[in-house]
Amino acid sequence: MNILLTGFEAAADELNASRILVESLREEPPAALQTLPATLHYAVLPLSCARLQPALLELWSRCTPQYCVFVGQARGRNRIGFERLASNLLDFTLPDNDGALPRGERIVTDGPAAYWSTLPRQEQLADRLNAEGIPAVCSNHAGNYLCNQLLYLALHLSAQQAPARRCGFIHIPPLPVQAQTHWPETPFMPLAMTRTALTLILQALAADA
């Protein structure tokens, strides 16, 4: 079984907590991930509306995952967030790394208005994290930026090409260093805690297969 874990690259001159998390798990995996009965694949996706779908399809062609766990950072959130829905809407308030700023556009012209996440047992996963002292919640809005676009595309393409594939999106708070250097008012979560959270999530998915 293959599990794909992705983060996003940073915007210019900034950090991205999801990229740092994914690279940390790839380069220094905890013992619990090294013994999983699954093959983990790690990737950092472009912060680009136009390049996102080609990058995702290329990844899928290489690793054919049964589970896709997409991670992004969410400024202003104070807990791990399991996204329940992806909407068919691009409505950026900030440009992507290519300078694109779509407003009120559909991700897929003739696609449905929304898809439910197919990541299994999200409520139970949130409960498990909370029981371990890691703040977590299920969220009903993934935003209208690249995080939402990625989840919508993954669910739409999977529904057409690989209905058994399970995809979900998880938002994490920024890192302490981001609060120190860029966003002094924002909540944050230490890297050690997000590493533990994703380790528990990946263990649960591997056991669920």
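Considering (1) closer than 22 Å to Pro135 by Cα; (2) in a helix (DSSP H, G or I); (3) at pLDDT 95 or above, the lone condition that Gln180 does not fulfil carries the number (3). Residue check: Phe169 meets all listed conditions (1) closer than 23 Å to Ser24 by Cα; (2) touching a helix residue (DSSP H, G or I) at 6+ places or on another chain (Cβ under 8 Å); (3) surrounded by fewer than 21 Cβ atoms within 10 Å (Cβ to Cβ) but one, namely (3).
I'm checking my understanding of the structure. Among residues of region 147-161 that are in contact (Cβ under 8 Å) with a residue 24 or more places away in the chain and surrounded by fewer than 24 Cβ atoms within 10 Å (Cβ to Cβ), which one is farthest from the chain's Cα centre (by Cα)? Within region 147-161, the match that is farthest from the chain's Cα centre (by Cα) is Ala159. Of all residues in region 1-30, those satisfying the criterion of being surrounded by 13 or more Cβ atoms within 10 Å (Cβ to Cβ) and without any contact (Cβ under 8 Å) to a residue 40 or more places away in the chain are Ala10, Arg19, Glu23, Arg26, Pro29.
For region 31-55, filtered to residues that are surrounded by 18 or more Cβ atoms within 10 Å (Cβ to Cβ) and out of contact with any strand residue (DSSP E or B) (no Cβ under 9 Å at 6 or more places or on another chain), the residue that is nearest to Asp98 (Cα to Cα) is Ser48. The residues on offer are Ala179, Ala136, Ala197, and the sole one that is buried (at least 21 other Cβ atoms within 10 Å of the Cβ) and over 28 Å from Leu57 (Cα atoms) is Ala136. Considered as a group, the residues in region 66-75 that are within 21 Å of Asn97 (Cβ to Cβ) and not in a strand (DSSP E or B) include one that is farthest from the chain's Cα centre (by Cα), and that residue is Arg75. Of the candidates Gly72, Gly76, Gly81, the single residue that is under 28 Å from Val177 (Cα atoms), out of contact with any helix residue (DSSP H, G or I) (no Cβ under 8 Å at 6 or more places or on another chain) and surrounded by 21 or more Cβ atoms within 10 Å (Cβ to Cβ) is Gly81. Give the number of residues within region 6-65 that are assigned to a strand (DSSP E or B) and closer than 18 Å to Phe169 by Cα. Summing the residues that are assigned to a strand (DSSP E or B) and closer than 18 Å to Phe169 by Cα in region 6-65 gives 9.
Comparison of Asn130, Asn97 shows that the only residue that is surrounded by fewer than 17 Cβ atoms within 10 Å (Cβ to Cβ), within 17 Å of Thr194 (Cβ to Cβ) and modelled with pLDDT of 95 or more is Asn130.
The values are calculated or read from the model by the stated rules, or taken from the named source; none is laboratory data. Keep in mind it's a predicted model, so treat the numbers as computed, not measured. So basically every Cβ, Gly included, is an ideal-geometry build from the backbone, and we count neighbours across all protein chains shown.
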